[in-house]
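Worksheet: one structure, shown below.
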Amino acid sequence: MRRFGRAVLPGGLAEEGGAFCSGCGAGGALQRGGRVAVALGHVRGLLAAGLGFLTKTITVAEVEARKLRHDPVELFTRAVQPTLWLLVFGQVFSRVRAIPTGQLRYLDFMAPGILAQSVLFISIFYGISVIWERDLGMLHKFLVSPAPRGALVLGKALSAGLRGLSQAAIIYLLALLLGVKLNPKPLAVLGVLLVVVLGSALFSTLSLIIACLVKTRERFMGIGQVLTMPLFFASNAIYPVAMMPRWLQVVSRLNPLTYQVDALRGLMLAGGASSLGMGLDIGVAAAVTVALVVVAARLYPTIVT
């Protein structure tokens, strides 16, 4: 049928001069509906992929966390060193009053730094477990599994975060016994736990990268011991950044441990404050962790070669 020189076809499509007007009537609505359906399909696919990645990550973290039940002694031995720092170093320097800490007692100022130190020390040697897994043949089973490499790395990082939480519980208890004025607000405590998990993930992923590069236990232990002391002393863990010489202040700003300590000091202490800004502290730690996870995911299969 034609109206005014135009051919009207079924579905509301109009033909004029041999050309179809596909954007008219029900046909245009069908095309728009098709595009919406395709977009929704992409969104569902992304959500399914993200959920699958998260599920595999949690599964890997759970497998790694089970090791703690078989060997919990490691957590207590790791707590000896920070305990000595608080009981000996902290008590002595609180009496000397040689380090300016503003309105905070030196022991209060030091407690978040020792918590960060404990997280660093327990995480930086985490990569040696990957070398053990390779030598025992377990790593090959992980690599042939359908889990993405990123999920394997992130799962191990989260399990290191659980180890860090155990250290946080010990340091909190010790700080209470020593009279450190802690912030009891639930949001502050949750913030401390978040920063501890983030710091553990950061340094355990760095440890995993080192393990993938050196590939032997002896080399790994040597590099781990070389890294821990510079990271600790080139941070604001036991003295303010303002006390450092200029070159060390620059190094401190490049040190991720500085931002972790600053965030813990703002959250953990009653009357404490972040000197660099809480957003910057957590943002830097999160950005560095993501970058390290990406690098570790690419290097992870190379440890078996």
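Each reported figure results from applying straightforward, stated rules to the coordinates on display, with no laboratory input. These numbers were taken from a predicted model, which means no experiment stands behind them. Glycine also receives a Cβ, built like all others from the backbone with ideal geometry; neighbour counts cover every protein chain displayed.
Express in nm, to one decimal, how much length is gained between GLN31 and ILE58 on full extension, taking 0.36 nm for each residue of separation and deducting their alpha carbon distance.
Numbers: separation 27, 0.36 × 27 = 9.72 nm, distance 4.07 nm.
Taking GLN31 through ILE58 to full extension adds about 5.6 nm, to one decimal.
For the stretch 210-217, just list the computed ³J(HN,Hα) in residue order, Karplus coefficients 6.51, -1.76 and 1.60, θ = phi - 60°, integers in Hz, with x standing in for Gly and Pro.
4, 4, 5, 7, 8, 6, 10, 5
With a 10 Å Cβ neighbour count serving as the proxy for reagent exposure, in which order, fewest first, do TRP247, TRP132 appear? Don't skip to the answer; put the middle values down first.
Details: TRP247 8, TRP132 12.
Least to most surrounded, the residues fall as TRP247, TRP132.
Mind pulling the per residue volume of the convex hull built on the Cα atoms of the stretch 72-304? Å³ is fine.
In the stretch 72-304, the Cα convex hull volume per residue is 126 Å³.
Note down the net charge around GLY179, summing +1 for each Lys or Arg and -1 for each Asp or Glu among other residues with Cβ under 13 Å from its Cβ.
+1
Kindly rank 159-165, 93-99, 199-205 from highest to lowest mean number of other beta carbons found within 10 Å of each residue.
Taking the mean over residues of other Cβ atoms within 10 Å, the ranking is 199-205, 159-165, 93-99.
Can you bin the stretch 230-305 into rounded, prolate or oblate? Criterion: square roots of the alpha carbon gyration tensor eigenvalues sorted a ≥ b ≥ c, rounded for a/c under 1.5, prolate for a/b above b/c, oblate for the rest.
prolate
Calculate the FRET efficiency for ARG298 and GLN225 from the Cβ-Cβ distance with a Förster distance of 22 Å, rounded to the nearest 0.05.
Efficiency at R0 = 22 Å is approximately 0.25.
Take the Cα gyration tensor of the stretch 127-212, multiply each eigenvalue by 5, square-root it, and list the three semi-axes largest first, rounded to whole angstrom.
33, 14, 9
So, in nm, how far is label LEU143 from label ARG105 when the simple model puts each one 7 Å beyond its Cα toward the Cβ?
5.3
Tally Lys and Arg at +1 and Asp and Glu at -1 over the other residues with C-beta under 15 Å from the C-beta of LEU194: what net charge comes out? Don't skip to the answer; put the middle values down first.
Details: positive: LYS185, ARG265; negative: ASP262, ASP281.
Every neighbour counted, the sum reads 0.
Using a 7 Å offset from the Cα along the Cα-to-Cβ direction at both THR83 and LEU254, what is the distance between the two label points in nm, to one decimal?
3.7
Over its Cα atoms, what ratio of radius of gyration to 2.2 N^0.38 Å does the stretch 247-290 give?
Taking the Cα Rg and dividing by 2.2 N^0.38 Å, one obtains 1.14.
Work out the charge dipole of the stretch 72-304 with +1 on the Cβ of Lys and Arg and -1 on the Cβ of Asp and Glu about the Cα centre, then indicate which of GLN167, PHE142, ILE124 is farthest towards its positive end.
Highest projection toward the positive end goes to ILE124.
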